[in-house]
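Rule-based calculations on the coordinates, nothing more; no lab input. These figures come from a predicted structure and were not determined experimentally. Every residue, glycine as well, gets a Cβ built from its backbone with ideal geometry; the counts of neighbours run over all protein chains shown.
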Amino acid sequence: MGLACLLITGCAKGADKTAGADLTDGITENDTEISSENQETKPEKGIEEMEEIFKNIELAKAVKPLTDHNPVMTQRFGADPYALVYDGRVYLYMTGDDPMYEADGSLKENNYSNIYTINVISSADLVNWTDHGTVYAASDKGQATWGANSWAPAAAYKNINGKDKFFLYFANNGNGIAVLEGDTPYGPFTDPIGGPLISRQTPTCAEVAWLFDPAVLMDDDGKAYIYFGGGVPTPEMAANPGTARVAKLADDMISLDGDPIPIENVEYLFEDSGINKIGGTYYYSYCSNFSMTKEAMEEKGYRMGEIVTMKSDKPMGPFVPANPVLANPEHFFGRGGNNHHCMFEFNGQWYIAYHSRILEEKMDMNGGYRSTNIDVVKFNEKGEPAASTGTRLGVEQIGTLNPYETVKAVTLANASGIKTTQYGETAVKYGSGDMIVTDIHDGSWISVTGADFGSESAKTVAVKVRGEGKGAIRVSIDYPNSHAVAYIPVENPGADFVEVKADLTAEVTGKHSVFFTFAGEGYEMLEWKFEK
């Protein structure tokens, strides 16, 4: 029996149906305050019918425990994360890993050949993430029609002519770097130059084995730099491949100010450029290659496929070795592969975003499909980034979510059995922008964490839905199979989004997770809001 059922009398029949142990493992009271006042009164008209609808509905299986914050997104895969902090939010840009299948329906190993999108999500608290869609970046389906793929994005913004402009850099597989620009962190993004920013015709770049994996530094003086490259040209060059590059970006952020130069002596470089300025020191970071001998690992103090840092007092170097900062995901989670990261500061704390395969494992897949995690960066006694730990639990929530402000339905801490899709002409055309919750069916659900209702209870809850279908939405607190605090009927709302409101059947105060569980199908959800 669920926690909320222990706190509120009169739990609905079937309320303790679950989707397996993962759904409730580790749930604690966490400031729970749900009043049982008036729970013995006769339910409002229609409540019995609503309870009957949900009585035999099985919840969609959770792909991460409710206590875990990693991976940050479960509705899609997203690899090679890059973080941009802007206006009190963290925006994550991720390679759009898209599962590939054989003709017989069996899963193919991920070879990255079908990737032409970049996922964008954002959060003000690092736990509830708003889905901004998938930038149609490359191929004939995207903006950079000259390129085949969009791998390993990086993002930056700059005030140009009095207006903040946003720049999205990515790799056209291993053969060059593209740049898109937009007026918001989530686009729409367009191609301002109609070709690569960096290609094999760019000076010093023809000999770079893998011309990919960009990272961008916006320095305190307003100057910007781009870091890229990787690969091991020959086995004999494994200890010092010589394939890392740095270039100064011009003021327009879409051209170079001078030729790229090699970053010297990047030992055992594989891929994955990273760059940060911490306490006046520049830290270049990368993933070590898989040609390290046992002796080399002992000498250098890091392993194959590990994120390693170098440091300098200048943005373009020279850099000298510093510390390893993150072991290969296999070390933490049992499944390995490439290791890709970025470090970022938010609200005075440093974090590291990286990808792992824990989502595909939970989905009973095994094809090298990756999802993004975030954990805290550790520092040594010198104030340098040091070995951090990858976890399933993830980071603590920063602040709370306000349930009395309109919340997009695609703002998610967790979800199961739903999809998200583009909403509106701009998002449909460019891939990113407004999104809605779709593919709703019996037992699917969405949730947010840390919604603070304050000391005065909400009285009503409103949602905006559209569609020709019928069903209901069950609103519960702390987890999806706890006592319902509201039922919202959905009756053929029509082609346009309309607001449907319901009274709460219990007082809700304090801080809680909020769950919306669905019955029926043929409708979609745009947003929700509680009211006092």
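Note: relative contact order over the chain, using C-alpha pairs below 8 Å and six or more positions apart, is 16 percent.
Per DSSP helix of 4 or more residues, -39500 (n - 2.57); summed, then divided by the residues of the chain. What does that give at 222 nm, rounded to the nearest 500?
After summing the helix terms and dividing by residue count, I get -1500 deg cm²/dmol.
Taking Cα atoms of region 79-386, Rg/Rh with Kirkwood Rh, to two decimals?
Values: Rg = 18.2 Å, Rh = 19.5 Å.
Using only Cα positions, Rg/Rh for region 79-386 is 0.94.
A DSSP coil position with no more than 16 other Cβ atoms inside 10 Å describes the following trypsin sites (Lys or Arg not before Pro) in region 119-174: LYS141.
Can you tell me how much longer the chain between LYS382 and THR234 gets when fully stretched, taken as 0.36 nm per residue apart minus their C-alpha distance, in nm with one decimal? Could you put the intermediate results ahead of the total?
Numbers: separation 148, 0.36 × 148 = 53.28 nm, distance 3.62 nm.
Working it through step by step, the gained length comes to 49.7 nm.
Mind checking the full-extension length gain between ASN492 and GLU102? Use 0.36 nm per residue of separation minus the Cα-Cα distance, one decimal, nm. All intermediate terms of the calculation are to be shown ahead of the outcome.
Working: separation 390, 0.36 × 390 = 140.40 nm, distance 3.83 nm.
So the chain would gain 136.6 nm between ASN492 and GLU102.
Extending 7 Å from Cα along the Cβ direction at ASP87 and again at GLU52 yields two label points whose distance is 4.9 nm.
Where in region 384-431 are there GluC sites (Glu not before Pro) that are in a DSSP coil and have at most 13 other Cβ atoms within 10 angstrom of their Cβ?
GLU396, GLU405
Using DSSP to call loops (not H, G, I, E or B), can you name the chymotrypsin sites (Phe, Trp or Tyr not before Pro) in region 375-442 whose Cβ has at most 15 other Cβ atoms within 10 angstrom? If you can, show how the numbers build up before the last one.
Details: sites: PHE379, TYR404, TYR423, TYR430; in loops: TYR404, TYR423.
When the chymotrypsin sites (Phe, Trp or Tyr not before Pro) of region 375-442 are filtered for loop state and at most 15 Cβ neighbours within 10 Å, TYR404 remain.
Size of the chain from its Cα atoms: along the principal axes, largest to smallest, the extents are 78, 52, 47 Å. Extension gain, LYS532-LYS429: 0.36 nm per intervening residue step, less the Cα-Cα distance, totals 33.3 nm.
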